[in-house]
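Structure, as structure tokens:
The values are calculated or read from the model by the stated rules, or taken from the named source; none is laboratory data. Not measured: the values here are computed from a predicted model. Neighbour counts run over all protein chains shown; Cβ positions are idealised from the backbone, glycine included. Side chains are part of the model used for accessible areas, which takes the heavy atoms of the whole protein and leaves out ligands, DNA and RNA. Shrake-Rupley method; radii C 1.70, N 1.55, O 1.52, S 1.80 Å.
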Amino acid sequence: SRQLTSFIEFGAGPALHCMEMARTLSKVTAVDLSQEMITYAEEKARALGLSVRCERGDMINYSSTELYDLAALLMDSTSYLLTNADVIAHLRSVSKVLNSNGIYILEMSHPKSVYEISQSTVNDWEMKKDDITVKIQWGKEGDKFDPITQQTEVSVRLEYVDGENRGV
């Protein structure tokens with residue numbers, strides 16, 4: 001057994017996982033395609049006093065001279081890899097930034113969820129903070145699934161209540 005010292009997350013979004021890893025690891029990198037997410041993550045890390053390198057990059061064709069003990073693609077972000085060629089290119093990119101005995105974690109939906117052609121997975125959740133309530137529905141019955149491309153057009157509904165203000 002050995003001590004992990006470095007972590008890279010692809011499709012990191014607001015980099016919340018990276019923030020947690022930066023509490024104990026010496027080298028943490030968040031990679032996301034969205035500059036807005038990278039800017040947000042940098043501001044959040046700075047406010048928390050954490051050292052997280054935030055980098056705008058494409059997880060499909062990512063390259064770096066840095067090597068990491070642990071890499072991850074979490075929260076079903078594999079759904080952004082739309083073709084088999086994208087998946088293969090991504091895995092090759094990851095293999096080049098992992099130490100020889102590095103670990104790669106993929107958090108994905110179970111294939112059964114993807115191949116249920118007759119229905120889409122529906123997830124609902126609600127979050128509250130102070131006077132703000134946000135309700136999200138991810139997917140709805142009847143969302144279109146293409147079995148050839150293995151892609152689903154997922155419906156998303158976001159509803160918020162902020163005091164007297166409501167929106168959908």
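What to note about this one:
- Remark on residue 151: its backbone amide H falls under 5 Å from those of 146, a criterion applied only to residues 5 or more positions apart or on other chains, H modelled at 1.01 Å from N.
- Ranking 57, 138, 22 by Cα position along the charge dipole of the chain, where only Lys, Arg, Asp and Glu carry charges on their C-beta atoms, puts 22 farthest toward the positive end.
- Ranking 102, 10, 34 by Cα position along the charge dipole of the chain, where only Lys, Arg, Asp and Glu carry charges on their C-beta atoms, puts 102 farthest toward the positive end.
- Å² of accessible area per residue within segment 122-168, as computed with a 1.4 Å probe and no ligands counted: 84
- At an R0 of 41 angstrom, the distance between the Cβ atoms of residue 126 and residue 82 translates into a FRET efficiency of 0.85.
- √(5λ) per eigenvalue of the Cα gyration tensor, segment 1-64, largest first, Å: 18, 16, 8
- In the chain, the DSSP beta bridges split such that about 50 percent are antiparallel, to the nearest 5.
- Only helices enter the 222 nm calculation for the chain: every DSSP H run of n ≥ 4 contributes -39,500 (n - 2.57), and dividing by all residues gives -6500 deg cm²/dmol, rounded to 500.
- Hull shadow area, averaged, segment 27-80 [alpha-carbon convex hull, nm²]: 4.2
- Accessible area (Å², 1.4 Å probe, nearest 10) - residue 63: 90
- Phi angles across segment 65-70 convert, under the Karplus curve 6.51 cos²θ - 1.76 cosθ + 1.60 with θ = phi - 60°, into 3J(HN,Hα) values of 8, 6, 10, 10, 7, 9 Hz, Gly and Pro given as x.
- Gain upon complete extension [residue 24, residue 75; 0.36 nm per residue less C-alpha separation]: 16.2 nm
- In this Cβ point-charge picture (+1 for Lys and Arg, -1 for Asp and Glu), the chain has a dipole of about 560 debye about its Cα centre.
- Reach of residue 144 by Cα under 13 Å, taken over aspartates and glutamates that are not fewer than 8 positions away in the same chain: 116, 153
- Two-decimal log10 I(q)/I(0) for the chain, as the Debye equation yields it once each C-alpha is a single scatterer, q = 0.20, 0.21 Å⁻¹: -1.28, -1.32
- Accessible-area order (highest first, 1.4 angstrom probe) of the listed residues 152, 78: 152, 78
- Length added when fully stretched, residue 155-residue 101, from 0.36 nm per residue minus Cα-Cα: 15.4 nm
- A simple spin-label model places pseudo-atoms 7 Å from Cα toward Cβ; at residue 137 and residue 51 they are separated by 4.7 nm.
- Candidate residues 94, 154: accessible-area rank, largest first, probe 1.4 Å: 154, 94
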